[in-house]
Amino acid sequence: MKAGMMKLLFYNHTATVSGAERVLLLILSELDRSGCTPEVLCPSGLLRQMVEELGVPCLEAEPLTARFTWRPDHLLRYLGSFYRVIRRVREQVRRAAPDLIHANSIRAGLVMTAATVGLRVPVIWHLHDLLPHHPFSTAIRWVALSSSRLRMIAVSQATADSFRGLVVRWFGKRLPVRVIHNAADTERFQPDAESRKAARHELGLEDAQPVIGIVGQLTERKGQLGLLHAFAKVTAVIPQAVLLVIGAPLFTQGDQDYHRHLVQTAERLGIAEQVRFLGARGDIPALMRVMDVLVVNSLAEPCGLVVLEGMASGTPVIATAVGGNPEMIRHNVSGWLVPARDEDALARGIIKLIRQPRLASLLAESARQSVLTHFSVSSFAKKLNDFYLEAISTPTAAGSREAVVRQDQYPVGRD
């Protein structure tokens with residue numbers, strides 16, 4: 001390792017690309033390679049392909065198959081997966097000899113914490129999820145308190161509070177959780193009237209036709225089903241409206257079943273011709289500009305990238321007032337918040353923004369300015385850079401390190 005260079009090892013437990021993986025790709029794209037040497041440990045698949053396209057070397061990892069469950073047979077299988085993955089990851093960490101490890105989820109953090117016992121390397125857990133009420137959540141918190149090598153980044157205050165629970169809250173000084181909100185790429189996601197017109201034409205939409213959209217993996221937590229019911233109420237008032245459902249089921253058979261249920265529900269509600277299931281798309285910035293209203297109808301949402309990307313695109317956003325959404329959106333200032341599971345309130349909000357274009361425009365302008373000021377990529381990179389420097393220079397985390405690392409010694413994010 002060259003003097004003055006920091007070796008960073010990023011670990012992701014799955015190859016599926018969802019919100020957490022998109023954040024990881026953003027981090028990798030912002031790293032200043034003159035100050036650090038990044039390497040990614042992840043299973044083969046789409047994520048590895050996208051990482052290598054960024055010019056970052058990848059190490060092979062076995063996929064981790066572990067989820068919250070009450071079934072003993074599944075639990076035994078998941079524990080077996082943890083054991084196998086931890087053994088393999090430990091070998092990879094020994095060979096890579098990183099100065100700092102960034103584990104890109106709670107599951108990844110659990111693996112890396114166990115795999116690095118005795119290695120004295122600091123490990124960052126990047127908390128992208130709200131912990132459910134489950135005995136495993138308490139166990140996870142105790143693991144997080146088990147080592148002074150661990151550091152926590154939460155994508156929102158709601159995520160930090162969820163992770164702390166009662167256990168970590170009592171030991172706040174031992175395990176501080178730093179909130180670093182996600183960011184939106186304001187160059188990719190920005191208003192563009194010509195792009196809007198071209199994308200609408202490609203989709204066969206009229207210039208003045210009201211278009212509502214929802215973007216995200218098809219799963220119950222994202223609330224597409226509730227939006228279909230709300231949209232049926234919208235079409236009773238605005239019959240020419242169109243709903244774009246963008247995303248695909250990613251993780252479980254339950255998600256596949258949910259997708260089929262969505263299609264069947266649209267048919268049952270008599271709105272099938274006005275609802276377009278577009279699947280996973282690679283042109284999300286253009287599709288954002290197509291919309292007159294972006295809906296984020298999540299039942300739980302740590303810090304949705306899609307919220308920030310919609311705001312950056314100049315698209316009015318209606319979101320449920322759950323998780324980190326209120327940390328990004330000020331109601332009736334930079335967006336519109338509604339209670340979760342309230343289809344009537346959601347329908348009223350959509351109708352209001354469609355019928356009051358001046359209000360929608362003001363919210364959109366305020367939202368984009370908020371992203372530029374508070375949720376920019378440059379701000380995100382600087383905060384992450386500062387956190388890395390703190391983690392690697394803390395004596396309890398860095399083991400035998402004696403010198404305090406200077407800000408200019410290990411530049412990580414580009415300004």
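Scan region 7-18 for residues that are crowded, with 19+ Cβ neighbours inside 10 Å and of a type outside the set (A, V, I, L, M) and the total you get is 5.
Go over the candidates ALA160, ALA154, ALA144, ALA139 one by one and state the one that is over 17 Å from TYR388 (Cβ atoms) and buried (at least 22 other Cβ atoms within 10 Å of the Cβ). Steps first, please.
Working: ALA160 fails: buried (at least 22 other Cβ atoms within 10 Å of the Cβ); ALA154 fails: over 17 Å from TYR388 (Cβ atoms); ALA139 fails: buried (at least 22 other Cβ atoms within 10 Å of the Cβ).
Just a single option satisfies the conditions, and that option is ALA144.
Scan region 130-161 for residues that are part of a loop (DSSP other than H, G, I, E, B), within 24 Å of THR116 (Cα to Cα) and at pLDDT below 90 and jot them down. Across region 130-161, the qualifying residues are LEU131, LEU145, SER146, SER147, SER148. The condition of being under 30 Å from GLU390 (Cα atoms), touching a helix residue (DSSP H, G or I) at 6+ places or on another chain (Cβ under 9 Å) and exposed (fewer than 14 other Cβ atoms within 10 Å of the Cβ) holds for only one of GLU202, GLU206, GLU187, that being GLU187.
If the condition is being touching an Asp or Glu at 6+ places or on another chain (Cβ under 8 Å) and over 26 Å from THR14 (Cα atoms), then region 251-295 contributes MET288, ARG289.
Of all residues in region 108-136, those satisfying the criterion of being surrounded by fewer than 22 Cβ atoms within 10 Å (Cβ to Cβ) and either among the polar types (S, T, N, Q) or within 15 Å of LEU64 (Cα to Cα) (or both) are THR113, ALA114. Among the residues examined, ALA340 qualifies as closer than 20 Å to GLY213 by Cβ, at pLDDT 95 or above and in contact with a Ser or Thr (Cβ under 6 Å, 6 or more places away or on another chain). In the set (1) within 27 Å of VAL371 (Cα to Cα); (2) under 22 Å from the mean Cα position of the chain (by Cα); (3) hydrophobic (A, V, I, L, M, F, W, C), VAL211 fails one condition alone, (2). When residues in region 205-238 are screened for being without any contact (Cβ under 8 Å) to a residue 40 or more places away in the chain and over 16 Å from ARG276 (Cβ atoms), 4 of them pass.
Okay, residues lined up against (1) over 20 Å from VAL306 (Cβ atoms); (2) within 19 Å of the chain's Cα centre (by Cα); (3) at pLDDT below 95:
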position: VAL17; (1), (2), (3): no, yes, yes
position: LEU25; (1), (2), (3): no, yes, no
position: LEU31; (1), (2), (3): yes, yes, yes
position: SER34; (1), (2), (3): yes, no, yes
position: VAL56; (1), (2), (3): yes, no, no
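On inspection, ASN297 does not qualify as more than 14 Å from ARG221 (Cβ to Cβ), at pLDDT 95 or above and more than 13 Å from the chain's Cα centre (by Cα). Taking the criterion of being within 19 Å of THR65 (Cα to Cα) and either modelled with pLDDT under 95 or not aliphatic (A, V, I, L, M) (or both), the residues of region 93-105 that qualify are ASN104, SER105. Test ARG164 against the criterion of being in contact (Cβ under 8 Å) with a residue 40 or more places away in the chain and either assigned to a strand (DSSP E or B) or of a type in the set (Lys, Arg) (or both), and give yes or no. Considered against the rule, which asks whether it is in contact (Cβ under 8 Å) with a residue 40 or more places away in the chain and either assigned to a strand (DSSP E or B) or of a type in the set (Lys, Arg) (or both), ARG164 comes out as no. Within the set GLY254, GLY270, the sole residue that is at pLDDT 95 or above and either outside any helix (DSSP H, G or I) or loosely packed, with under 14 Cβ neighbours inside 10 Å (or both) turns out to be GLY270.
The values are calculated or read from the model by the stated rules, or taken from the named source; none is laboratory data. Just so we're clear, the structure is a prediction, and the values are computed from it rather than from any experiment. Cβ atoms come from the backbone with ideal geometry, glycine included; neighbour counts cover every protein chain shown.
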